[in-house]
Amino acid sequence: MTRRMRTAAIFGLVLLAHGGLGALEIGAVAPDFDMPTLGGRRFTLTEAEKGHSAVVILFISTICPYSNYYNDLMRDMAARFEKKGVVFVGVNSGTLETADEARNHAREHGHTFEIIKDPDDRIADLLDARRTPEAFLLDSHGTLRYHGRIASKLSAPDLQTAIESLLDGKPIRPAETKAFGCAIARK
Amino acid sequence: MRCPPKTLAVLTAGLVLSTVAGAQAWLPPKGEAGLTFGYGNIYSAHHYGIGVDPPDPSAGVTRNQTLGLILGYGITDRLAMNVSIPFVDSIYHGTKEHRDLNGVILTPDDHHYHGTFQDYRINLGYQALSGTVSVAPFATVVIPSHDYATLSHAAPGKGLNQLLLGFAAGATLDRIVPGTFVEAYYDYAFVEKVVNINTNRSDYGFQAGYFITPTLGVRFISAGYYTHGGIPYDNPKDLPVEQYLHHDQISKSSSGTVGGGLTYVLTGSTEVSVSYLRSIYGRTGHAIDEGVGFSFSWSFSPAQIIRRAFPPKPVDSGLDKR
């Protein structure tokens, strides 16, 4: 391998290593949104932040296998951390699934947290969410503290670790992981 | 004349397919499908003898290319299957061609590339344990796609029906070094007898990986096999004619390879990987001097694809209907 080829290869690897992550950076303040939930209430992000230690926004799907794989974990984490002042909200973006399906799915899997149907991808666009499942952890100031997968295929409990670290006032490591799963289909 | 019983094509197919088409400690969830396209290119400059002899440089010199297509699906959250079929294209450049009983060089060793489909592999894995430590027993059936040539340096495969029973185990080492994992597999292969000779085999592999970034991972890879049965020989012409005509299929052989690889997660449902392997020991088989593999994997949900083709109507407002 020539020196030029080696340099190009290293440059390419560096580009690959740093590319492809979401537009909302860790440490940035998430934009506010206000949407009706499937439970008939309104969910305003800034209001949720004020009243809780943290807000977890989960982009989920009723038909994505990877999202469904974490149904029980999402249910358990929401119940566990609700007692510690963390609010979970699910977002079902796109038009592939109806609100009725999202509502029935939540009921079927015991998801007691609020679900927002986001047919126009408004919330997905605001946060630049690309996958289901994909998690955004915000602190009480709306600052993005963790973004990425719920847990890896290798069973690292990334979101759980991130919430625990945030509540304990410890640094979150890793603060960003690659969300894997199904693409959120944009119009 | 020493002849390699374990054709290079088998090793190349392994380079392309082994880590994705068979032993996996972490299986996909229910409803998830995966499509992997792989390419492997192995160059062998020599092959091993039966004992401690140094590799024979005049008999090897084979290049083998393999294209592999693997389709996988999660039947349940614990049960997954995949099927694969490699296309093998190989050429022999050495000076010790395989010949028939009349001394005529056999077609695969005629110094031209010959390509053909090799063996179907149908694998069923069960996620017995998942978590920090994951264990998945598996069964793989190997069925030759057709009656291809099996006697030659450049033969595409062994052409034998096989049943592999084994398990894969993996563990995350996040508590020690974040982003690291190890995975290993072992299987015992029940191989169709040839001229009434048992060539059952053990296959094994190990890999250790580390994610440098959320999207870029590096791996150390090691794999090998050991034939429990088979016939050890130095010169196949010393064998009875019946065995000579099948000596590539019935020899007692073993191999060990090590290498490394890089994996890059492109989009969260697609990833590419490259790997490099080389032999560190062997017995009566081709040595891998340069083995390079490339693969592209795409995981998808058939249910979502169907939904995109036939979207639900109407899409409601999301307001409560209770």
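What follows is calculated from the coordinates using simple rules that are stated; it is not laboratory data. Source: prediction; values computed, not measured. Positions of Cβ are backbone-derived with ideal geometry, glycine not excepted, and every protein chain shown enters the neighbour counts.
Take the Cα of B:TYR188, go 7 Å toward its beta carbon, and the backbone nitrogen atoms of the range B:220-234 under 18 Å from that spot belong to B:225-230.
Hey, with R₀ at 35 Å, roughly what FRET efficiency would B:PHE310 and A:THR112 work out to, going by the Cβ-Cβ distance, to 0.05? FRET efficiency, B:PHE310 to A:THR112: 0.65. The H on the amide N of A:THR177, modeled in the peptide plane, is under 5 Å from the matching H of A:HIS147, A:GLY148, A:ARG149, each at least 5 residues off or on a different chain.
Taking label points 7 Å from Cα along the Cα-to-Cβ direction, B:LYS237 and B:ARG78 give a separation of 5.8 nm. Largest first and in whole Å, the equivalent-ellipsoid semi-axes of the range B:103-161 read 37, 11, 8, each the square root of five times a Cα gyration tensor eigenvalue.
Shape summary of the range B:43-167, radius of gyration then Dmax from alpha carbon positions: 18.6, 60 Å.
Since only A:GLY148, A:TYR69, A:LEU45 are under comparison, the one whose Cα sits farthest along the positive direction of the charge dipole of the protein assembly as shown, derived from C-beta charges on Lys, Arg, Asp and Glu, is A:LEU45. Distance between the C-alpha centers of the range A:22-50 and the range B:183-247? Whole Å please. Rounded to whole Å, the Cα centres lie 55 Å apart. Counted by neighbouring Cβ atoms within 10 Å, the residues B:TYR233, B:TYR210 run from fewest to most as B:TYR210, B:TYR233. Here the Gaussian network model covers chain B, with springs between Cα atoms less than 10 Å apart; of B:SER269, B:SER130, B:SER222, B:SER269 fluctuates the most. Using the Kirkwood formula over every pair of different C-alpha atoms, what hydrodynamic radius in Å results for chain B? About 20.7 Å, per the Kirkwood formula over Cα pairs. Taking label points 7 Å from Cα along the Cα-to-Cβ direction, B:ASP147 and A:LYS50 give a separation of 8.2 nm. Legend: P(r) of the range A:25-183 from all alpha carbon pair distances, 5 Å bins from 0, whole percents, reading 2, 10, 21, 25, 23, 14, 5, 1.
Express in nm, to one decimal, how much length is gained between B:VAL195 and B:VAL292 on full extension, taking 0.36 nm for each residue of separation and deducting their alpha carbon distance.
This chain segment gains 31.5 nm when fully extended.
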